[in-house]
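To start, the structure itself, in structure tokens.
The values are calculated or read from the model by the stated rules, or taken from the named source; none is laboratory data. These numbers were taken from a predicted model, which means no experiment stands behind them. Every residue, glycine as well, gets a Cβ built from its backbone with ideal geometry; the counts of neighbours run over all protein chains shown.
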Amino acid sequence: MKVVLTIAGSDCSGGAGIQADLKTMCAHGVYGMSAITALTAQNTLGVKEIIKTPPEFLARQIEMCLSDIPCDAVKIGMLSSADQVLSVAKALKGQTSPNIVLDPVMVSSSGTRLMDEETIEALEAVLFPMCRLITPNIPEAKELTDMDINDSEDMKKACLALYEAYGAPILLKGGHLQTSALDILFDGDSFFTYEEEMLTSNNTHGTGCTLSSAIASNLALGHSLNDSVKRAKAYITDAIKMAPGLGHGSGPLNHCVDPIDTKLL
């Protein structure tokens, strides 16, 4: 059985973070392990409180997982300090998995910065170059490149700039364009575009976590980077379409959709 490790924050309401990651991995038929970077008190209406995991204990979680059960892919989500970034990089150094997928949780959907400058610099210096794929959204790409990104051509330019800076393939998520669900991948040689129908839905809590976990799961299963992104896009589109409609705010997806046949498991 293929194994994926997620390194991310906990969402007690189950829609994002570790909980979304593990459900996504289960749907894809891979075994999920987790290292928790933060505990959050949150629901579909927002985050009430965050307790950060000490960097040393975060590293210990990763080391205990990987010393016993080697993994085929790693998904990295929320990291809340430069010390956490350095601890994760140290714990992963020398691991055999080439499939590290990093979702840089730097800017919220509303445009609020979630990461200070020191943490961003640590990400750029030590974790980005280790990745098989980095999955920024447009506000995060703007933060990293200081470029205006208003259309697909701007997205391609940003992908090139990010690849040149970090040497890792880039999947730039274009949901903030609000014209279509367009994502663009640059793998170092070629561009690939993925466009699904633009869905009008209140059930989009945890989409970034779910997408990156789905990509990591597909990479673990042996699919190419292009095919992994393509499959993950189809999965998340169906997960939004079949969302259970829970909560009074931005509701969770339905992580139990079949990633192959797009039917409920």
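Things worth noting here:
- Verdict on Gly46 being modelled with pLDDT of 95 or more and closer than 25 Å to Asn203 by Cα: no
- Residue ID - surrounded by the most Cβ atoms within 10 Å (Cβ to Cβ), chosen from residues in the range 40-64 that are closer than 16 Å to Ser81 by Cβ and among the hydrophobic types (A, V, I, L, M, F, W, C): Leu58
- Taken across the range 179-196, residues that are farther than 20 Å from Ser228 by Cα and surrounded by 15 or more Cβ atoms within 10 Å (Cβ to Cβ) do not occur at all.
- For the range 142-193, filtering for residues that are closer than 28 Å to Pro98 by Cβ, of a type in the set (S, T, N, Q) and part of a loop (DSSP other than H, G, I, E, B) leaves 1.
- Residue within the range 53-75 that is touching a strand residue (DSSP E or B) at 6+ places or on another chain (Cβ under 6 Å) and closer than 20 Å to Asn254 by Cβ present: yes
- Out of Ser217, Ser228, Ser201, one residue alone is touching a residue at least 40 places away in the same chain (Cβ under 8 Å) and part of a helix (DSSP H, G or I). It is Ser217.
- Residues that are over 24 Å from Ile7 (Cα atoms) and either within 20 Å of the chain's Cα centre (by Cα) or among the basic types (Lys, Arg) (or both), drawn from the range 143-158: Thr145, Met155, Lys156, Lys157, Ala158
- The C-beta contact set for the range 116-140 (first residue free of Cβ contacts under 8 Å to residues at least 60 places away in the same chain, second residue among the small types (Gly, Ala, Ser) and in a helix (DSSP H, G or I), distance under 6 angstrom, 6+ apart or interchain) comprises Glu118/Ala82; Thr119/Ala82; Ala122/Ala82; Val126/Ala89; Leu127/Ala89.
- Output for the range 14-39, where each listed residue is part of a strand (DSSP E or B), crowded, with 21+ Cβ neighbours inside 10 Å and β-branched (Val, Ile, Thr): Thr37
- Among the numbered conditions (1) part of a loop (DSSP other than H, G, I, E, B); (2) under 15 Å from Leu102 (Cα atoms); (3) not hydroxyl-bearing (Ser, Thr, Tyr), the only one that His255 does not meet is (2).
- Screening Lys142, Lys156 for residues that are modelled with pLDDT of 95 or more, more than 20 Å from Thr37 (Cα to Cα) and of a type outside the set (Phe, Trp, Tyr) leaves exactly one candidate, Lys156.
For (1) touching a helix residue (DSSP H, G or I) at 6+ places or on another chain (Cβ under 9 Å); (2) surrounded by fewer than 23 Cβ atoms within 10 Å (Cβ to Cβ); (3) closer than 27 Å to Val126 by Cβ, each residue gets a yes or a no:
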{"site": "Thr145", "(1), (2), (3)": "yes, yes, yes"}
{"site": "Leu162", "(1), (2), (3)": "yes, no, yes"}
{"site": "Ala165", "(1), (2), (3)": "yes, yes, yes"}
{"site": "Gly174", "(1), (2), (3)": "yes, no, no"}
{"site": "Thr200", "(1), (2), (3)": "no, yes, no"}
{"site": "Asn203", "(1), (2), (3)": "yes, no, no"}
{"site": "Ser217", "(1), (2), (3)": "yes, no, yes"}
{"site": "Ser228", "(1), (2), (3)": "yes, no, yes"}
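- Of everything in the range 82-102 that is touching a helix residue (DSSP H, G or I) at 6+ places or on another chain (Cβ under 9 Å) and among the small types (Gly, Ala, Ser), the residue that is surrounded by the most Cβ atoms within 10 Å (Cβ to Cβ) is Ser87.
Residue-by-condition table, conditions (1) in contact with a helix residue (DSSP H, G or I) (Cβ under 7 Å, 6 or more places away or on another chain); (2) among the basic types (Lys, Arg):
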{"position": "Leu171", "(1), (2)": "yes, no"}
{"position": "Leu185", "(1), (2)": "yes, no"}
{"position": "Leu211", "(1), (2)": "yes, no"}
{"position": "Lys233", "(1), (2)": "no, yes"}
{"position": "Asp238", "(1), (2)": "no, no"}
{"position": "Ser250", "(1), (2)": "no, no"}
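- Residues in the range 206-247 that are farther than 25 Å from Ser190 by Cα and of a type in the set (A, V, I, L, M): Ala239, Ile240, Met242, Ala243, Leu246.
- Taking residues in the range 53-72 that are without any contact (Cβ under 8 Å) to a residue 40 or more places away in the chain and under 12 Å from Val88 (Cβ atoms), and partners anywhere that are in a loop (DSSP other than H, G, I, E, B) and small (Gly, Ala, Ser), the pairs with Cβ atoms closer than 9 Å and at least 6 places apart or on different chains are Thr53/Ser80; Pro55/Ser81.
- Evaluated against (1) modelled with pLDDT under 95; (2) assigned to a loop (DSSP other than H, G, I, E, B); (3) surrounded by 16 or more Cβ atoms within 10 Å (Cβ to Cβ), Thr237 falls short on exactly one condition, (2).
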